[in-house]
Amino acid sequence: MKSSTSLATALTPAHLRFLESLFPGEGLVTDPTQMAVYGADSSRRSAMPWAVVRPRTEEQVVELLTWAESERVPLVPRARGTGMSGGAVPAFGGVVVSSLWLNCVLDIDADDFCAEVEPGVVTAEFQALTQKQKLFYPPDPASLKISTLGGNVATCAGGMRAVKYGVTRDYVLGVRAVLPGGRIVNAGGRSHKNVVGLDLARLFVGSCGTLGIFTKLTLKLLPLPEGSATVLAAFPTLADALSGARGVFRAGILPTAMEFMDAKACWAVGQIKDVPWPKETQAVLVLKVDGSNASLAAELARLEVALAPAHPLCLFKGLGAQEEEPLWELRRLVSPAGFRLGPDKLGEDVAVPRGSTVQAVEGFQAMGAEQGVQVACYGHLGDGNIHVNIFYDASDADQRSRAQACKETVFRLTLSLGGTISGEHGTGITKGPYVSWQLGEEERALMAGIKNVFDPSGILNPGKGWS
Ligand SMILES: Cc1cc2nc3c(=O)[nH]c(=O)nc-3n(C[C@H](O)[C@H](O)[C@H](O)COP(=O)(O)OP(=O)(O)OC[C@H]3O[C@@H](n4cnc5c(N)ncnc54)[C@H](O)[C@@H]3O)c2cc1C
């Protein structure tokens, strides 16, 4: 046995022979051009894997983890690579383990209100299957057409519906995972309630591939709401928009989604699309409610009344998917339109306590002005989860350092308000250096201890922990 401090630094010819025998044919990728794709994710960070393996069965995963533990070979689990923080990037070396061929929906059960799936199933494809049985899997990261359930669980993905329905964590009933050494863990199960022992299933949620490789997930389902309706309202000030949002909650309405866009985000969308709001708009709210078709028109009327004291400049309503779609398209366009503000961006996803959102957004905007970079804020207002996008020109060293300084002041203000440096994207490698700004020594030591129990040699996704 090698010592726990000496992870392998490259694959030997014997290692490659082992991988060839375990992953015949296209199961093993060693061609650099193909491997490069598996070395990058949506954080725009990349590193060349030592090799890429694509298991088709749990047995292969067990053999791989048994071998990797005894040879101290680092493994980096990966799904679709849509992660925004470099969680699937083999930045510290290793073999990338793709879950794309572990992609079967094993069971959708309308009586148990649960489903069993392999981790590589694409989230939107799974949702479409559940809807056919009038069942509902609410987590809706904006990447749902291109990301997987396994990646969503490993990052605890959130989305617009989190304000009413919660995040991925709230829908994970069970996780089956393979640990280093080939140990199989079955945490949780199909029961919606379970208080026997520690909640190991939830411990895997948000673990970023550092504790084990998932091979099966048991997910909770809800009855599918009959329909939905949407309101888009524009406001003369950010404070008015945020007071409108407060008014909605105070009226006793819990929207399915409560999104906002600040003045820069609205301006950017207006550069690529005809927008319905007037020029003086400083912020836009987009709200969705769901329920029975009979009740939705009344819900829309309630929303309008609740928003009225905040003096919207204009208000548009959509009843049913066809009428709602053009309103939501405007919200979805923020991300691509943002590049009208600058060719490069640092995209942060801080979250603050709901009551601090005005102070946070005004502070972030002021920080952008101070550093001379463009800052657009938008996102999941209902959860206090604000996407702070800092636009700059990376080819200019001065702008690069000002953007970096702006990001750090954004983190400092967020933490001073009792918030978190990541509401949904995770820390990975891009925010790894800032974890100690948020987590104390005691908490980091506990997390390192837990990691050590699951992965004593540190072979799983090295460098992506929290210590
Ligand atoms: C356009 C766009 C919009 C986005 N919108 C949102 C959003 O609204 N909300 C949100 O939360 N995120 C969002 N994201 C980020 C991203 O989509 C999520 O983090 C997603 O959950 C990653 O899924 P993936 O399948 O691409 O996983 P990957 O990026 O491949 O991997 C993510 C993490 O999961 C681990 N992992 C993967 N498979 C396994 C496995 N089988 N076992 C153990 N660990 C594993 C990896 O090691 C890595 O740490 C967005 C990204 C993009 C590009």
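Kirkwood Rh and Cα-based Rg: tell me the resulting Rg over Rh for the range 285-405, rounded to two decimals.
1.06
Based on the Kirkwood radius over alpha-carbon pairs, what value in µm²/s does the Stokes-Einstein equation return for the translational diffusion coefficient of the range 13-100 at 10 °C and 1.306 mPa s?
Translational D for this selection: 123 µm²/s.
Provide, as a two-decimal number, the C-alpha radius of gyration of the range 105-223 over 2.2 N^0.38 Å, N being how many residues it has.
In units of the globular-protein estimate, the range 105-223 measures up at 0.98.
Could you pull out every one of the lysines with an alpha carbon less than 22 Å from that of residue 317, ignoring same-chain neighbours closer than 8 positions?
Partners found: 164, 273, 279, 288.
Taking neighbour Cβ counts within 10 Å as the exposure measure, how do 160, 447 sort from fewest upward?
Ordered by Cβ neighbours within 10 Å, fewest first: 447, 160.
Take the Cα gyration tensor of the range 1-158, multiply each eigenvalue by 5, square-root it, and list the three semi-axes largest first, rounded to whole angstrom.
Sorted largest first and rounded, they come to 31, 18, 13 Å.
May I ask for the equivalent-ellipsoid semi-axes of the range 416-467, computed as the square root of five times each C-alpha gyration tensor eigenvalue and listed largest first in whole Å?
21, 13, 8
Could you list the square roots of 5 times each eigenvalue of the Cα gyration tensor of the chain, that is, the equivalent ellipsoid semi-axes, sorted largest first and rounded to whole Å?
Ellipsoid half-lengths, sorted descending, are 39, 27, 19 Å.
List the extent of the Cα atoms of the range 227-335 along each of their three principal axes, largest first, rounded to whole Å.
Its Cα atoms span 38, 28, 19 Å along the three principal axes.
Note down the relative contact order for the range 4-64 as a percent, whole number, built from C-alpha pairs under 8 angstrom at least six residues apart.
The normalised contact order for the range 4-64 reaches 33 percent.
What span do the alpha-carbon atoms of the range 78-138 cover on each of the three principal axes, reported in whole Å from largest to smallest?
Principal extents (Cα only, largest first): 45, 20, 16 Å.
Which order do 425, 387 fall in if you start with the one that has the fewest other Cβ atoms within 10 Å?
The order, fewest Cβ neighbours first, is 387, 425.
Under 4 °C and 1.567 mPa s, how fast does the range 342-438 diffuse according to Stokes-Einstein, given a Kirkwood radius computed over C-alpha pairs? Answer in µm²/s, whole number.
98 µm²/s
Considering the Cα positions of the range 25-71, please state its Rg to one decimal place and its Dmax as a whole number of Å.
For the range 25-71, the Cα radius of gyration and maximum Cα-Cα distance read 12.4, 33 Å.
Laboratory data are not the source of any read-out in this text; all were calculated from the coordinates shown. Since the structure is predicted, the reported quantities are computational estimates derived from the model, not experimental observations. Methodologically, a virtual Cβ is constructed for each residue, glycine included, from the backbone with ideal geometry; neighbour enumeration extends over all protein chains shown.
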